[in-house]
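Undergrad: This is the structure I want to talk about, given as structure tokens.
The values are calculated or read from the model by the stated rules, or taken from the named source; none is laboratory data. Fair warning: this is a prediction, and the values are worked out from it, not measured in the lab. Cβ sites come from the backbone with ideal geometry, for glycine too, and all protein chains shown count toward neighbours.
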Amino acid sequence: TPRVFSGIKPSGDLHLGNYLGAIRRFVPLQETHETIYCVVDMHAITVWQDPEDLKRWTYEIAAAYIAAGVDPAKSIIFNQSQVVEHAELSWIFNCVARMGWMARMTQFKDKAGENSEAVSLGLFAYPSLMAADILLYKATAVPVGDDQKQHLELTRDIAKKFNHDFKKQIKSLGHKGDFFPITDTLATGPAMRVKSLKDGAKKMSKSDASDLSTIYMMDDADLIAKKIKRATTDADALPSEAEGLVGRNEAENLVGIYSALSNRSVEDVLSEFGGQGWGVFKPALADLSVARLSPIAEEMKRLVADRGEMDRILRDGAERARAIAQPIMADVRQIVGFVR
Ligand code: TYM
């Protein structure tokens, strides 16, 4: 069975973008793939994290996976730092990847801003750790939102360069073709880039200055309804065909959210709401959002309250992850020429 790997950073409260772009899609993959879902705490500390917040968010994300339908018996759920091989492989990848590749990453440029001399070295090397996450398990499918596409291209570049640089050693180890697979991005469907509710040109994110721009998974029903009601839109009615959304960022975003939450195509949603105004669509979207998110939030609260159980799940997941990673890492050490 093909293997899936994905991860979320414990660096803030989970929001609707994380749910639609990632978590929601983790669940059905359990039926067709071997699935590994990670809480990437080592990625989180590339920017300053209060240690108490880091812990709280780590539990919260693991709880969100489970509350949304990821089964810890079927899937491997763990936090990255419990499997040290992630750090080991990322170091080797730091020596495979080129400075120029990292410097081109738009997420690095966005986060570093004007002052790229003052950010952590870890932030610069971030994509190399991400490549290690995926390739440590030779995962071939990675469900992520649109914003991670460039990082996955870099993962492919690292795999290709490693396969090429160590061709001879890989062959003498008895491998027929490539050692690391070339990973696919699973980033198709509606809501792969959920936008801010206040600005249809920006993505919804953990760190938006405006309180009303982001729907958090833990928001209560009233707050969700309020945020949707206040969402920025144009004044036109909804179109009855998908083409009518072109150039209408905010409308496209809200219809996309509705489509993803209802598991219906955009066309189907517009066939119901085409011609209607926001006064009709927004309350329907608010009801749907609450119906989908509230039960998950309730279950998350229940789970995070039981730290003993969460620790047990994460430890068990880490053990199972390590069992996959260790033989792959043993091969890597041999390939590179590390003496044991
Ligand atoms: P992170 O923690 O920023 O986001 C977690 C997931 O949520 C998706 N996402 C969105 N999807 C749609 N619309 C949005 N507005 C939106 N905002 C966030 C992200 O695309 C992601 O899927 N580098 C990764 C974490 C990571 C990882 C990995 C992912 C580390 N190693 C290995 C996959 C495989 C990140 O920062 O995600």
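Undergrad: Can you find even one residue in the stretch 207-230 that is farther than 30 Å from residue 301 by Cα and either at pLDDT 95 or above or within 27 Å of the chain's Cα centre (by Cα) (or both)?
TA: no
Undergrad: Still on this structure, I have one more. Restricting the search to the stretch 94-103, which residues are touching a residue at least 12 places away in the same chain (Cβ under 8 Å) and outside any helix (DSSP H, G or I)?
TA: The answer is 96, 97.
Undergrad: Restrict the check to the stretch 175-186 and report whether at least one residue is more than 30 Å from residue 298 (Cα to Cα), in the same structural domain as residue 28 (by TED's automatic domain parsing), surrounded by 20 or more Cβ atoms within 10 Å (Cβ to Cβ) and modelled with pLDDT of 95 or more.
TA: Looking for residues that are more than 30 Å from residue 298 (Cα to Cα), in the same structural domain as residue 28 (by TED's automatic domain parsing), surrounded by 20 or more Cβ atoms within 10 Å (Cβ to Cβ) and modelled with pLDDT of 95 or more, one finds at least one in the stretch 175-186, hence yes.
Undergrad: In the stretch 17-38, which residues are closer than 11 Å to residue 145 by Cβ and among the hydrophobic types (A, V, I, L, M, F, W, C)?
TA: Scanning the stretch 17-38 gives 20, 22, 23.
Undergrad: Restricting the search to the stretch 1-41, which residues are of a type in the set (A, V, I, L, M) and either within 9 Å of the ligand (Cβ to nearest atom) or surrounded by fewer than 24 Cβ atoms within 10 Å (Cβ to Cβ) (or both)?
TA: Within the stretch 1-41, 8, 14, 16, 20, 22, 23, 27, 29, 40 qualify.
Undergrad: If I go through the stretch 129-184 residue by residue, how many of them are more than 10 Å from the ligand (Cβ to nearest atom), assigned to a helix (DSSP H, G or I) and charged (D, E, K, R)?
TA: Summing the residues that are more than 10 Å from the ligand (Cβ to nearest atom), assigned to a helix (DSSP H, G or I) and charged (D, E, K, R) in the stretch 129-184 gives 9.
Undergrad: Name the residue, out of 108, 166, 78, that is farther than 26 Å from residue 10 by Cβ and of a type in the set (Phe, Trp, Tyr).
TA: Result of the check over 108, 166, 78: 166.
Undergrad: Output yes when any residue across the stretch 219-227 is surrounded by fewer than 17 Cβ atoms within 10 Å (Cβ to Cβ) and at positive phi, and no when none is.
TA: No, the stretch 219-227 contains no residue that is surrounded by fewer than 17 Cβ atoms within 10 Å (Cβ to Cβ) and at positive phi.
Undergrad: Which numbered condition trips up residue 67, out of (1) farther than 18 Å from residue 143 by Cβ; (2) of a type outside the set (Lys, Arg); (3) touching an Asp or Glu at 6+ places or on another chain (Cβ under 6 Å)?
TA: (1)
Undergrad: Right, next: Would you confirm whether any residue within the stretch 44-54 is touching a residue at least 60 places away in the same chain (Cβ under 8 Å), charged (D, E, K, R) and over 21 Å from residue 298 (Cα atoms)?
TA: No - not one qualifying residue is present in the stretch 44-54.
Undergrad: Of the residues 83, 96, which is under 20 Å from the mean Cα position of the chain (by Cα), modelled with pLDDT of 95 or more and surrounded by 17 or more Cβ atoms within 10 Å (Cβ to Cβ)?
TA: Testing whether each residue is under 20 Å from the mean Cα position of the chain (by Cα), modelled with pLDDT of 95 or more and surrounded by 17 or more Cβ atoms within 10 Å (Cβ to Cβ) leaves just 83.
Undergrad: May I pose another question? Return the pair list, or none, for Cβ contacts closer than 6 Å from residues in the stretch 188-212 that are surrounded by fewer than 17 Cβ atoms within 10 Å (Cβ to Cβ) to residues that are in a loop (DSSP other than H, G, I, E, B) and of a type in the set (Gly, Ala, Ser), at least 6 apart or on different chains.
TA: Pairs found: 202/196; 206/12.
Undergrad: So, of the residues in the stretch 229-246 that are β-branched (Val, Ile, Thr) and without any contact (Cβ under 8 Å) to a residue 40 or more places away in the chain, which turns out to be farthest from residue 200 (Cα to Cα)?
TA: Among those residues, the one meeting the criterion is 246.
Undergrad: From (1) buried (at least 23 other Cβ atoms within 10 Å of the Cβ); (2) within 12 Å of the ligand (Cβ to nearest atom), pick out the condition that doesn't hold for residue 62.
TA: All conditions pass for residue 62, except number (2).
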